[in-house]
Each structure stands twice: as structure tokens, then as C-alpha cells.
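Notes follow the structure.
The values are calculated or read from the model by the stated rules, or taken from the named source; none is laboratory data. Everything quoted here is computed from the prediction, not taken from an experiment. Cβ placement follows ideal geometry from the backbone for every residue including glycine, while neighbour counts extend to all protein chains displayed. To get the accessible areas, we keep the full protein, side chains included, count just its heavy atoms, and leave off ligands, DNA and RNA. Shrake-Rupley method; radii C 1.70, N 1.55, O 1.52, S 1.80 Å.
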Amino acid sequence: MKEHVLEDFFHYLQIERGLSHNTLESYERDLQGYVAFLKETYPEIKWSELERRDITMYLYQLRDTGKSTATLSRTMSSIRLFHQFLIREQITTNDPSLHIETPKKERKLPDTLSVKDIQNLLDIQGDKPLTLRNKAMLELMYATGLRVSELIGLNIGDVHLTMGFVQCMGKGSRERIVPIGETAIQAIQTYIDYGRPALLKKRPNSTVLFLNQRGTVLTRQGFWKILKSEASRAHIYKNMTPHTLRHSFATHLLENGADLRAVQEMLGHSDIATTQIYTHVTKTRLKDTYDKYHPRA
């Protein structure tokens, strides 16, 4: 095996496919494990001689070590794309990944908050800089459905409060524009006027919108701690993650009659099938309401 073939593949994913850093890391983990498994059988891997059973044996090994169906599905997708790359680069004409079914992922409905829970979560009182920041961040996240990586990556020039929208860079370096509601606009403006200047400290030239108490960019872990703290304050004891606000944003829009395509655009989903999972959430809630309130349910 040419040692650089994996590096060439990762370079292709980064430059030509424009995949994010986190997605690239997932491909690297999947394929390094796959190649390590092949090396146990073949001291010198010849891509043209690999067979379907080499891949299925690897998937069986992963399953036997307790890997989830979702992990097996993602790994198979990584392997399939890698073998397509080998053919594209004329390294081989053999694709052993053909006709191997991708393990079906269990369809797990996303956790969402009720409108009342959201109201309690966003009822953040106080005028300290960090309090104003927390209020602005959570209001913005629920108002737009941004991913946490998109939120903490915002610069102050990305929010256009007068016009009522935010620009963000999503997965695959795709830029999108999402409207912001009046409540979130007010919270962000208050933070910019009275909270952010106090957090800038010795970095007056920083363009980062949401700063930590050292005046630098927030981390995902930092945001998660803030979210859990605010959820505890609001007496919300569900399994809360940064994605919970994104899920709630989409679900509440659809429950109130929003167009699925518009929600897809705001979430930055490249495939509408990804957005359609939220229609299952709304149908589930509809049935729960029926069961609870209809006399003959």
C-alpha cells in the first residue's frame, strides 16, 4: 500500500469536498481503523485484490466490540467513499464496497423542549457581563437554530441587527443567512452595548462576538457548561445538549405551520430528508395531545 494514499484522500475531502474539521476527523478515525484491520491480514495491502468479505469482517469486528449501528453506518460510508476515491484516482478498478448494505441507523427522534421550558430557560435576569452574554447566546441559538460551532464562531460583523439577520458559516464551509427575531435582537444589542466591552479586557481589537471571561473565544465545552447551568436554574432536568435548542427551534417552527423547505434553509441542511425527522416529532406530539385530551382516545 502506498502510505500517502490516505493523506491524499483526506486532502481531497478537505480541499475538493470542503468538509469541516470535525467531519474530517471522523473520516480519519474510521479509515485508520479500517487500514489497521487490513494490515493484520495483509502485510502489504493491494487495493486491487481486496474482497467484499474483507470489509464485512471488519464491520463484524466493530459490531462485536459493541459499536452502535450509527457508528457502523458512518464507517461503511467512509469506506465506500474511500474506495470510490481509489477508482477515481485510477489506483485500482476494484471496488469491494459495492453491494454491501449500509447498516440501518435507528431513527432516534431528537430531544426538544416545550415552549414553556424555552420561556423558563430564556428568562435570564441580571446585568452582569456574563449574564448578558448568556442571555444573548441562548436567545440567538433558539431564534436561529445555529449549531454550537456556528454560534461560537460568530464575529461581531456577522450579526446585522438593524436588518434582522445573522450570517454564519456552516458545514462544508457553506454560508447561510438566518433571520433573527426581535427578542433576540434586543438581547444581543444589550450584550454588545453593556456586556461585551467589559469582557474585551486587553483584547480591544477582538472581532469575536461571544467572549469568555478571559476575553477569548468560547469553546464548545464552555458553552455546554453554560447551557447546563441555565437549564438547572430553570428547573429543566431533561437530557440537554447544545443541539436541543436547535431541535426545539425546528420543531416549534413546523408545529406552527412553517414550510419544510424554509426550515431546511435556516438549518443549513443539504438534504431535506435530514429536516424531515422534525415532522416525525410534530406528529408524535400531535398523537400525544390526542391521547391526552380526546375522551375516546
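A few remarks follow.
- Residues of region 205-220 falling in the label zone of N155, defined by backbone nitrogen less than 16 Å from a point 7 Å along Cα to beta-carbon, are 205-211, 217-218.
- Across K39/K67; K225/K292; K201/K225; K39/K171, pairs whose alpha-carbon gap is larger than 31 Å: K225/K292; K39/K171
- Take the chain with all the other protein chains still there, run a 1.4 Å probe, and you get 57 Å² of accessible area per residue.
- As a calculated quantity, the FRET efficiency between N256 and H21 at R0 = 41 Å, using C-beta atoms, amounts to about 0.70.
- Apportionment of accessible area to carbon and sulfur, the chain, percent (1.4 Å): 51
- Averaging the Cα positions of each part gives two centres, and for region 136-176 and region 2-53 these lie 33 Å apart.
- For region 102-195: rounded, prolate or oblate by the Cα gyration tensor [a/c cutoff 1.5]: oblate
- Extreme residue, positive dipole direction of the chain, given options A187, V159, L24 (C-beta unit charges): A187
- Applying 1/(1 + (r/R0)^6) with r as the Cβ-Cβ distance of T65 and K238 and R0 = 22 angstrom yields a FRET efficiency of 0.15.
- Computed from label points 7 Å out along Cα-Cβ, the spacing between Q32 and E7 is 1.4 nm.
- Model label points for Q221 and Q186, set 7 angstrom from Cα along the Cα-to-Cβ axis, are 3.7 nm apart.
- Farthest positive-ward along region 167-237 dipole, Cα basis, beta-carbon charges - from L218, P197, H235: L218
- Residues with amide H under 5 Å from that of G170, placed H, sequence gap 5 or more: E175, R176
- Dipole moment magnitude, nearest 20 debye, the chain about Cα centre, only Lys, Arg, Asp, Glu C-beta charged: 940
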